[in-house]
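A.B. asks: The structure that follows is given in the form of structure tokens.
The values are calculated or read from the model by the stated rules, or taken from the named source; none is laboratory data. These figures come from a predicted structure and were not determined experimentally. Ideal geometry is used to build each Cβ from the backbone, glycine not excepted, and the neighbour counts take in all protein chains shown.
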Amino acid sequence: MRAFFPLVVGAGIIQFLIPSTLHNIIQEFHLGEGEGGLLPLVYFAGMMLSCVLITRLLQKLSVKTLIISGAALVSISLIATSLSQWFAPFIPLLFLAGFGNGTLIILPGLYATNVLRDKSAGAQSALFVFLSVGTILGPLLPGLIEHLQISWRWTFAFPGFLVLLLVIPVAITRLEHMGRVEILSFRFVREMVSFDRRFFIGLVGALTLAGGGAQGISMWLVTFLENARGMVLGSAHLVLCGFAAGMLLGRLACGHVTTKGFSVYKTLLTITGGSAVLVLLAPLSHDATVDTVLFPVAALFLAGIAPLLLAAAAVYPKSESPSAYSLFYIAMSIGGAIIPYAVGHAFELVGAVAAMSSISVLLVGLLGCLLFIRRELPIREHAYYRAFAG
């Protein structure tokens, strides 16, 4: 697992490229916020496709081969994006970057779920911690570039070269062989639903809203702070770093849930409710200093939601758990694609403050999904239960 950690950091850096440069791209190509919202939509569409295809690719290729291929695809796409002089090429290039980066993020999680099994929750938390380190580092370079008034295109070019270095530990490490992996298919989804319908529906809904809520905030935070709060060039990126740092600290704290015997379900209810209140209040303050504090504090609550929900993939049998993890990550990616796009249109229709505060409504919906489940996430209860026939 340690060989994956540097690469996951790089994937986190890449994950925050669009949030860090969205306002630059909008200004460069004279776009509206609604048009700018296409960029995260396309990027996460690429991630979704990688989630859909990953179990099929694992039938023919090894984890190491897929990781190296994904890193190469990300590198080529980002460098080409940095050279593009027109907006139109951004669409297919970001799609490819999303596809490649999706493999870098999801494959370590699949590997942990399949190989580690009962220890997978701790491994998921560790992976998300390193992903958070990348998201902290991600805005620093764009902020420095903007402050020095250097071309924002270097924000894409530098990670394109960096990812080739970060994949080296995986390339030289001998990985455990993954067991048989069930291909993600409609039949598989039906079997998952039949296993525990209420649990499945509530979990998918919660993951969709969790992914969309976190991405909606991070994607538009810099634009919001510079446009609505008048922050100077580069300062808003530091707040985005603070938001990512809050995610890191929150995930470290929630990692103890799996080792100290705390209730996963009650923890999720608490952090979801807290994040909804903070996300509602932060944009309403009309004070940049208050925003600088409240958004990172909200991240502390938001951080643990996704890892704790994704760890529930381990309740399914070993051969099915990678497909379950992929399906749950697809749900997160759908939210990450659609909700930031909708927030961009809300910026144009109702203004920046109302658009950012509206994300709290999604978190209330997430709370509703958890209440729909109505019981402790059955990670221990079903961990070794053979759910499907055959």
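A.B. asks: Which condition from (1) modelled with pLDDT under 80; (2) assigned to a loop (DSSP other than H, G, I, E, B) is the one that residue 231 breaks?
C.D. replies: Among (1) modelled with pLDDT under 80; (2) assigned to a loop (DSSP other than H, G, I, E, B), residue 231 violates only (1).
A.B. asks: So for region 81-95 (the condition being hydroxyl-bearing (Ser, Thr, Tyr) and either under 19 Å from residue 178 (Cβ atoms) or touching a residue at least 40 places away in the same chain (Cβ under 8 Å) (or both)), does at least one residue qualify?
C.D. replies: Yes.
A.B. asks: Tell me yes or no: at least one residue of region 213-223 is out of contact with any strand residue (DSSP E or B) (no Cβ under 8 Å at 6 or more places or on another chain) and farther than 27 Å from residue 10 by Cα.
C.D. replies: So far as region 213-223 goes, no, none of its residues is out of contact with any strand residue (DSSP E or B) (no Cβ under 8 Å at 6 or more places or on another chain) and farther than 27 Å from residue 10 by Cα.
A.B. asks: For residues that are more than 15 Å from residue 307 (Cα to Cα), out of contact with any Leu (no Cβ under 6 Å at 6 or more places or on another chain) and among the hydrophobic types (A, V, I, L, M, F, W, C), tally how many sit in region 195-225.
C.D. replies: 9
A.B. asks: A further question on this structure: Considering region 96-109 alone, what residues qualify as being in contact with a Ser or Thr (Cβ under 7 Å, 6 or more places away or on another chain) and touching a residue at least 60 places away in the same chain (Cβ under 8 Å)?
C.D. replies: Hits for region 96-109 are 97, 102, 106.
A.B. asks: Restricting the search to region 132-182, which residues are among the charged types (D, E, K, R), within 19 Å of residue 219 (Cα to Cα) and modelled with pLDDT under 85?
C.D. replies: Answer for region 132-182, where residues must be among the charged types (D, E, K, R), within 19 Å of residue 219 (Cα to Cα) and modelled with pLDDT under 85: just 146.
A.B. asks: Let me ask you something else. Based on this model, can you work out whether residue 66 counts as closer than 19 Å to residue 41 by Cα, modelled with pLDDT of 85 or more and of a type outside the set (Lys, Arg)?
C.D. replies: Answer is no for this residue.
A.B. asks: If you take just the helices (runs of 4 or more DSSP H) that sit entirely in region 293-363, which of them hold at least 1 residues that are at pLDDT 85 or above and either farther than 24 Å from residue 201 by Cβ or among the charged types (D, E, K, R) (or both)?
C.D. replies: Per the criteria, 321-350, 352-357.
A.B. asks: Sort out which residues of region 188-203 are aliphatic (A, V, I, L, M) and either at pLDDT 85 or above or not in a helix (DSSP H, G or I) (or both), and write them in order of number.
C.D. replies: Within region 188-203, 201, 203 qualify.
A.B. asks: For region 152-178, which positions are in a loop (DSSP other than H, G, I, E, B) and surrounded by 14 or more Cβ atoms within 10 Å (Cβ to Cβ)?
C.D. replies: 152, 153, 167, 175, 178
A.B. asks: Suppose we filter region 15-38 for residues that are assigned to a helix (DSSP H, G or I) and hydrophobic (A, V, I, L, M, F, W, C); how many remain?
C.D. replies: Qualifying residue count, region 15-38: 6.
A.B. asks: On to the next question. So which of 15, 27 ends up being closer than 20 Å to residue 90 by Cα and without any contact (Cβ under 8 Å) to a residue 24 or more places away in the chain?
C.D. replies: 27
A.B. asks: So which pairs qualify, if the first residue must be in region 233-257 and on the phi > 0 side of the Ramachandran plot, the second must be at pLDDT below 85 and not in a loop (DSSP other than H, G, I, E, B), the Cβ gap must be under 7 Å, and the two must be at least 6 apart or on different chains?
C.D. replies: So the pair list comes out as 234/143; 234/144; 234/146; 234/147.
A.B. asks: Mind checking which residues of region 319-366 are surrounded by fewer than 18 Cβ atoms within 10 Å (Cβ to Cβ) and closer than 25 Å to residue 108 by Cβ?
C.D. replies: 319, the sole residue that qualifies.
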